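Throughout, read-outs are computed from the coordinates displayed, never taken from laboratory work. Being a predicted model, the structure only gives us computed values, none of them experimental. A quick note on method: Cβ atoms are made from the backbone with ideal geometry, for glycine too, and the neighbour counts reach across all protein chains shown.
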């Protein structure tokens, strides 16, 4: 019988249903943070882990909080209006059509490649981190098609959302997250990695424990739990564009079915996942170390499909 410990690269998994833990597993293995080796780590309930692009989905939650406080623009507003330091880009009629919603849905229509290893400067997110001005780098990418035409994975879109939050609230993204999201949820341990320019990465910089990640999932399941406006959570999870593998994309969240269940997913490089299944009221957080692997999706999916779902159904694991 396959065990959780036998799953490739699995570091930790926590599943919560209606507030009760139904599965909790911690392993041991090599890990890194933003490509910097940490050696072999013995993971436990208090061990922080890179969430990588799950950070994007948390940034979307923060955007909803800031929007309710009238500190960030409505999704329908022109994007470049809020980057007045780039008048040359705003003067381009093709770029002038960009709205905040195009950033939220990753449909900017700009050239952006993240299908290369995140160790390569040819990867657009890495190039953004190395650029002297990350926001100009994103907004000046060549225009490939009208905005809103299709979903195309773009960490730069999330970086722009982070800038809107920081500029609108007047505080750095981690500080805003601590006060408005983490403290109310009782999350007191986190890290938010910054680039060489000192800007916290809204695309991939957050580090949390799996237990803390499940609290964020429970918040989404509870339509914001009075912390994030319920209307925003519903809007955020509304399917808007098909993604590259047949699911749908909302505002920085994936919406797709699994074995007859509705499912909302936040995902990050290496096998980081936050699965939310509203009908069984289930939240599953997975952390793993399969960074840049072609089959990194297999481990988190196996946790959910082969262990968690059978556990709540009363069946033995596959």
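Things worth noting here:
- From its DSSP helices (H runs of at least four residues, each -39,500 (n - 2.57)), the chain gives a residue-normalised ellipticity at 222 nm of -7500 deg cm²/dmol.
- FRET efficiency, residue 238 to residue 149 (Cβ-Cβ, R0 22 Å, nearest 0.05): 0.75
- Average Cα contact separation per residue, the range 148-300, under 8 Å, 6 or more apart, as relative contact order %: 16 percent
- Difference of contour (0.36 nm per residue) and Cα-Cα distance, residue 119 to residue 313: 65.7 nm
- Between residue 194 and residue 245, the distance separating the two model label sites (each 7 Å from Cα on the Cα→Cβ line) works out to 3.4 nm.
- Cβ-Cβ FRET estimate between residue 76 and residue 41, R0 fixed at 41 Å, reported to 0.05: 0.40
- Between 0 and 90°, nearest 10: helix 54-68 axis offset from the chain longest Cα axis: 60 degrees
- In units of the rule-of-thumb radius 2.2 N^0.38 Å, the chain shows an alpha carbon radius of gyration of 0.96.
- Highest to lowest packing among 141-147, 222-228, scored as the average C-beta count within 10 Å: 222-228, 141-147
- Relative to the longest principal axis of the Cα atoms of the chain, the long axis of helix 155-169 lies at roughly 70 degrees.
- A simple spin-label model places pseudo-atoms 7 Å from Cα toward Cβ; at residue 24 and residue 298 they are separated by 3.0 nm.
- Whole-number percent relative contact order across the chain, with pairs defined as alpha carbons under 8 Å at least 6 apart: 24 percent
- Rounded to the nearest 10 degrees, the inclination of helix 210-221 to the longest alpha-carbon principal axis of the chain is 70 degrees.
- Separation in nanometres of the label points that stand 7 Å from Cα toward Cβ, at residue 225 and residue 262: 2.0 nm
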